[in-house]
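Heads up: the structure comes next, in structure tokens.
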Amino acid sequence: MKHDFIYLASQSPRRQELLSQIGVRFQLLLPTPEEDTESLELAFENERAADYTQRVTIAKSVAAVKRWHQRCNAGIELTWAPILCADTTVSLPDSPDHEILGKPRDAEDAVRILQILSGQTHWVFTAVAITPKPTSTPVCALQKSRIRFTTLSPEQIKSYVSSGEAFGKAGAYGIQGMAASFIEEISGSYSGIMGLPLFETAQLLQAAHV
């Protein structure tokens with residue numbers, strides 16, 4: 001069966017923009033306020049960034065499929081379409097304490113994360129998963145990119161955090177914004193660093209007959 005749209009289980013405007021960029025029609029399938037989405041993103045002790053990213057993405061996928069079934073059981077008419085989920089993690093793997101650098105809790109935490117990344121080479125892992133059928137398991141792909149930051153001054157970090165751009169993003173920065181000026185070198189996928197690797201996504205969508 002061919003599908004002319006998908007469900008996107010992500011509130012990220014960047015992922016929505018990237019899907020639109022490659023001409024994919026989507027409807028949002030977002031969590032309700034009753035769902036405990038934060039617990040899905042808690043890291044296990046000594047968990048590797050690549051494993052964490054894939055585990056969280058699959059957990060989000062399972063929750064999204066359950067959400068679809070619950071809405072159907074509640075009498076809401078929803079056509080089935082493949083469900084897409086993704087998760088992004090920033091990692092400084094040479095330092096055990098910085099294996100997983102998630103979204104900053106507040107301004108102080110954002111400053112801390114950017115100080116860690118300053119002058120360093122770090123990795124960005126983005127996992128994308130698609131659930132082709134209501135009863136199938138998610139199919140997941142992982143993309144890894146390497147980024148080198150220039151050395152940031154305290155003033156640069158303070159200014160960037162004050163802009164508000166650091167919040168809601170793994171590693172406390174977004175490559176598509178002002179933080180692009182911090183980056184000396186990239187090896188990997190620009191769209192993956194943004195939050196949705198388009199090559200891997202397109203491959204998964206094709207396999208799911210979208």
Task: Long-range amide H partners of Gln120 with built H, under 5 Å - done: Phe149
Open item on the list: Quick check on the chain: helices-only [θ] at 222 nm, where DSSP H runs of length 4 and up contribute -39,500 (n - 2.57) each and the sum goes over total residues. Nearest 500, please.
Closed with: -10000 deg cm²/dmol
Open item on the list: Could you report the stretch 103-148's accessible area per residue, 1.4 Å probe, as an integer in Å²?
Closed with: 46
TODO: Take the Cα gyration tensor of the stretch 43-155, multiply each eigenvalue by 5, square-root it, and list the three semi-axes largest first, rounded to whole angstrom.
DONE: 35, 15, 12
Task: Among beta bridges that DSSP assigns inside the chain, antiparallel share in %, nearest 5 - done: 85
TODO: Between beta-carbons, use under 13 Å as the cut-off and find the net charge around Gly174, counting Lys and Arg +1, Asp and Glu -1.
DONE: +2
Task: log₁₀ of I(q)/I(0) at q = 0.21 Å⁻¹ - the stretch 1-102, Debye sum with one point per alpha carbon - done: -1.13
- [ ] Tally up the carbon and sulfur contribution to the accessible surface of the chain as a whole percent, 1.4 Å probe, everything protein left in place.
- [x] 50
Task: Among the listed pairs Lys103/Lys144; Lys103/Lys133; Lys2/Lys133, those beyond 21 Å (Cα-Cα) - done: Lys103/Lys133
Open item on the list: What's the magnitude of the charge dipole for the chain around its Cα centre, counting Lys and Arg as +1 and Asp and Glu as -1 at the beta-carbon? Answer in Debye, nearest 20.
Closed with: 680
Open item on the list: Could you tell me which residue out of Ala170, Met1, Ser181 lies farthest along the dipole of the chain toward its positive end? Charges go on the beta carbon: Lys and Arg +1, Asp and Glu -1, centred on the Cα centre.
Closed with: Met1
Task: Rg/Rg_globular for the stretch 127-190, with Rg_globular taken as 2.2 N^0.38 Å and Rg from C-alpha atoms - done: 1.53
- [ ] For the stretch 61-162, calculate the relative contact order in percent as a whole number, restricting contacts to Cα pairs under 8 Å that are 6 or more residues apart.
- [x] 29
- [ ] Over the stretch 9-80, give the accessible area per residue in Å² for a 1.4 Å probe, as an integer.
- [x] 63
TODO: Would you mind computing the Rg to Rh ratio of the chain from its alpha-carbon coordinates, Kirkwood style for Rh?
DONE: 0.99
TODO: Just grab the label-to-label distance for Ile22 and His3, each label 7 Å out from Cα along the Cβ direction, in nm (one decimal).
DONE: 1.4
Task: Equivalent ellipsoid dimensions for the stretch 93-201 as semi-axes, Å, which come from the Cα gyration tensor, largest first - done: 27, 15, 13
TODO: Please report how far the C-alpha centroid of the stretch 178-206 lies from that of the stretch 9-35, rounded to the nearest whole angstrom.
DONE: 17
Open item on the list: What does the net charge come to around Asn46 if you take all other residues with beta carbon closer than 14 Å to its beta carbon, with K and R at +1 and D and E at -1?
Closed with: -3
TODO: Please give the FRET efficiency for Glu38 paired with His209, using the beta carbon to beta carbon distance and R0 = 41 Å, rounded to the nearest 0.05.
DONE: 0.80
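The values are calculated or read from the model by the stated rules, or taken from the named source; none is laboratory data. This structure is a prediction, so every number in the text was calculated from the model and none was measured. With ideal geometry, Cβ positions are generated from the backbone for all residues, glycine too; neighbour counts draw on all protein chains shown. These accessible areas exclude ligands, DNA and RNA; they are computed on the full protein's heavy atoms, side chains included. Shrake-Rupley method; radii C 1.70, N 1.55, O 1.52, S 1.80 Å.
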